[in-house]
């Protein structure tokens, strides 16, 4: 029985690999809608969207994204994808991410003085991506310079990283 299940699984995977052809990685476009979602003396919840372009001719679903986020090489914390994202073929898509940092960590990175200035944002992690119930884990590593909006608390509805 186990051999039969393995044969079926191998056949399904082979058909999926052949039908997908040359799979291209999504292209990073921008970080946006960066803002404070919850503010307290103990911790702050920060959220933002990572926007990509899917150059492939098929749709997929992305779930369970987890990233370690760094601001100017200082570890801020772990950021997670709270909701699955459906990705259309040949289209842009955004992955919402959110995470909490302690008040002390915000002071350690001197966050108030970085507002309005260029900072290096680095995100290392992975997402689970798939189609028709078959998912694989894809590593994601990003590093780029951005300007943090001075109105960070009000920026949750508008683009705050440029």
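A short reminder: the numbers here are calculations on the coordinates, not readings from a lab. A quick note: this is a predicted structure, and the numbers were derived from the prediction, not measured. Note that each Cβ is placed from the backbone with ideal geometry, even for glycine, and that neighbours are counted across all protein chains shown.
Within 10 Å of each residue's Cβ, count the other Cβ atoms and sort 97, 107 from fewest upward.
Working: 97 22, 107 10.
Listed from fewest to most nearby Cβ atoms, that is 107, 97.
Using 0.36 nm times the number of residues separating residue 25 and residue 83, minus their current alpha carbon distance, what extension gain do you get?
Once the chain is fully extended between residue 25 and residue 83, it gains 18.8 nm.
Using a 10 Å cut-off around each Cβ, can you sort 120, 104 from fewest to most neighbouring Cβ atoms? Don't jump to the answer; show the numbers that get you there.
Working: 120 13, 104 9.
Fewest-to-most Cβ neighbours within 10 Å comes out as 104, 120.
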Original post:
What list do you get for 86, 68 if you sort them by fewest beta carbons within 10 Å?
Top reply: 86, 68
**OP:** Pull out the extension gain between residue 143 and residue 120, defined as 0.36 nm times the separation in residues minus the alpha carbon to alpha carbon distance; nm, one decimal.
**Re:** 7.6 nm
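Could you tell me the convex hull volume per residue, in Å³, taken over the Cα atoms of region 24-157?
On the way: hull volume 13.3 nm³, N = 134.
So the per-residue hull volume is 99 Å³.
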